[in-house]
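What follows is a set of notes on a single structure, which appears directly below.
Every read-out reported here was derived from the displayed coordinates using simple, explicitly stated rules and does not represent laboratory data. Computed from a predicted model, the values in this text were never measured in an experiment. In this analysis, Cβ positions are derived from the backbone assuming ideal geometry, glycine residues included, and neighbour counts consider all displayed protein chains.
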Amino acid sequence: MDASRKSSHNLFEVFLRLRPPPHGSAIPERILNVEDPETQSHPTHITLNPPTDRRRAIEKFAFTQVFEEEASQLDVFHATKIASLVEGVLAPQGGEGTDAVVATLGVTGSGKTHTILGSKSQRGLTQLAMDVVFRSIGENMLDTHALYAVQESLQACDASESPLTVAPQFLDASGETTMASRAGSRAATPMIVRPRQPLLSYVNSPSATRQVSTLAGAIPGAFPRESIASPKSVRLVSDAPESPRPKQR
Ligand SMILES: Nc1ncnc2c1ncn2[C@@H]1O[C@H](COP(=O)(O)OP(=O)(O)OP(=O)(O)O)[C@@H](O)[C@H]1O
């Protein structure tokens, strides 16, 4: 890897996250050193421990950023600038928006799932990103009971022609199985979203670019308190009575 190339010139940004040892286990021998940053505020290089075989060269690797063991989910979320990816997808200034992908790669047990989906107490990048998405589009979200009425016209507008399913219908069908298979170390995804304060509008606002970073800065790393005791079934919150659902085709 060419250490001298700036990350902005790369098609991909590659971050390294070091996983802390499991609770209660002996601290393993460290096989790499994180180099002190020379110019940036964060480390970007690691060196593998010098091989005992002196014929082998010392190997040094460069990353966009190295997260050491104590880095929190929020540290990773902010440093990887996922809010700006969300902004690209939402395209507040108009246009079609951009695609973005965040993926993890690593050996088994290295923390891929922890980073993406979180744990019982810490939200992962997915929940944090979805939080920004939903806070951003708040005013443009349709009420659940209005969705059934507009489903047909939404379907007609969708160039991809993939079938649209309203969330309650989808969650009713798949929620129970998904939750059962996730039981274990993983926290249930918080399902009830009942904002106490009005949600901010991102798409309608002229100062949208500023707002998404404000929103991203304000989101909590931990699950909201009421979500810890999350409900046993999945329901979208609506104070209005649900309108009858259209018959399945
Ligand atoms: N940064 C971290 N802080 C605290 N615990 C972590 C961290 N990363 C991973 N863990 C814990 O280490 C264990 C293994 O992590 P995880 O399941 O995310 O690995 P994985 O890479 O997804 O593994 P696999 O490829 O086998 O699915 C989990 O118990 C997880 O909670």
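Taking R0 as 45 Å, what's the FRET efficiency between Gln169 and Ser119 from their Cβ-Cβ distance, rounded to 0.05?
Rounded to the nearest 0.05, the efficiency is 0.95.
Give me the base-10 log of I(q)/I(0) for region 22-116 at each q in 0.17, 0.18 Å⁻¹, Debye formula, one uniform scatterer per Cα, rounded to two decimals.
The Debye formula, applied to the Cα set alone, gives -0.99, -1.06.
What trypsin sites (Lys or Arg not before Pro) does region 26-127 have in DSSP loop regions with at most 13 other beta carbons within 10 Å?
Arg30, Arg54, Arg55, Arg56, Lys120
Apply 1/(1 + (r/R0)^6) to the Cβ-Cβ distance of Ala156 and Arg54, taking R0 = 51 Å, and write down the FRET efficiency to the nearest 0.05.
Once rounded, the FRET efficiency stands at 0.15.
On full extension of the chain, what length is gained from Leu142 through Ser25, given 0.36 nm per residue of separation minus the C-alpha to C-alpha distance?
37.2 nm
Quick check: from the Cα gyration tensor, does region 76-151 come out rounded (a/c under 1.5), prolate or oblate?
Here region 76-151 falls in the prolate category.
Report the GluC sites (Glu not before Pro) located in region 69-150 that are in a DSSP loop and have at most 13 other Cβ atoms inside 10 Å of their Cβ, or state none.
Answer by residue number: Glu69, Glu70, Glu96.
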